[in-house]
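The values are calculated or read from the model by the stated rules, or taken from the named source; none is laboratory data. Bear in mind the structure is a predicted one, so any value in this text is a computation, not a measurement. Quick reminder, even Gly has a Cβ in these numbers, built from the backbone with ideal geometry, and neighbours come from all protein chains shown. When the accessible area is computed, the model is the full protein with side chains, heavy atoms only, and any ligands, DNA or RNA have been set aside. Shrake-Rupley method; radii C 1.70, N 1.55, O 1.52, S 1.80 Å.
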Amino acid sequence: MIPYERDGTETMNKSESLLRMEQLRKKALRGAELETWGYAGILLLPVGLGLLFAGIRMREKANQEMDELYREAFIREPLTENFEDVSFEPYEGFSEEMVEGFHLCRMGNEFDSEAYGRCSYQGVHIELSDVTIQDYDCVAKKNNTTVFFKGRMMVLEFPGRIGTGETVFSKSFSHRALSPEEEQGKILIENAEYDREFDLYVSDPQAASPRILPKLLEKLGALAERHNGAAAKLAGNQLILAVNDGEGTAFYRKKKKEVSLEEEMAKVQKDMDDIKAMIALVS
């Protein structure tokens, strides 16, 4: 367990940071309640305005600190504990062009990426980032936002060639980036259980990688089950992964409702274990 500093003076271990996040969640909720009372009492100036601004400040400050703790406890620390040569930039991410080039998820008109990490494991270079892809539309004075993807994307770069463009989606992975031509490349995996759980697309059935795919599907299925769908592409020497959370990471769900941070932390470690297992299987 790696203690870390916040604001240069305070040091927290993982258990303390999880406890602090729960305290901040409750504080943010109290701030939201003050905002509600402030809006309700806006006609009783200046009392209503005072409640409104106090609630906004309380909620924003609590969420900002919880955001910082989340990035440390749920991203930087697990990376450091599981991988080598770790570099983490909390407010940087993949470019929109890079994600579009993965060709796994449809692109909308709203894009965001943050929590960018680089690391390595057994000679495999890894890049990862949280990604949000949405499509905003205003029809008949009604705002409608469709979330295409909200989760984590990863690029695992191996020393040698591992694939020829094979793409596999769990059945639960929606908003896929597939052209009509690519749709024609759907083939059976020739395993009844895997065919029920996954859709496999290849550009050249004769050049597909039957040795690698079955080894990956078990771990990809575990990721899809823990989250809200998963996809993978074998392209040259790269394995590209997209793990969709739907509601977003633990931090975003934490702001909206009570979740067990201990269970979320255990899920993060299982994800790390599956990534390492994939690397071992492919290498």
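So here's what we get for this one:
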| quantity | calculated |
| --- | --- |
| Residue pairs meeting the criteria (Cβ under 7 Å; at least 6 apart or on separate chains; first closer than 15 Å to residue 124 by Cα, in the stretch 225-242; second among the polar types (S, T, N, Q) and open to solvent by 10 Å² or more (accessible area, probe 1.4 Å)) | 234/209 |
| Residue list for the stretch 100-123, restricted to those being part of a loop (DSSP other than H, G, I, E, B), of a type in the set (A, V, I, L, M, F, W, C) and open to solvent by 20 Å² or more (accessible area, probe 1.4 Å) | 107 |
| Filtered residues of the stretch 69-99 (kept if β-branched (Val, Ile, Thr) and assigned to a helix (DSSP H, G or I)) | 75, 80, 99 |
| Residues satisfying the stated conditions in the stretch 156-167, i.e. among the charged types (D, E, K, R) and in a loop (DSSP other than H, G, I, E, B) | 161 |
| When residues of the stretch 100-126 are limited to those that are under 24 Å from residue 70 (Cβ atoms) and hydrophobic (A, V, I, L, M, F, W, C), the one nearest to the chain's Cα centre (by Cα) | 115 |
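To keep it simple, each residue is scored yes or no on (1) at pLDDT below 85; (2) under 20 Å from the mean Cα position of the chain (by Cα); (3) part of a strand (DSSP E or B); (4) buried (at least 19 other Cβ atoms within 10 Å of the Cβ).
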{"position": "169", "(1), (2), (3), (4)": "no, yes, yes, yes"}
{"position": "178", "(1), (2), (3), (4)": "no, no, no, no"}
{"position": "182", "(1), (2), (3), (4)": "yes, no, no, no"}
{"position": "203", "(1), (2), (3), (4)": "yes, no, no, no"}
{"position": "214", "(1), (2), (3), (4)": "yes, no, no, no"}
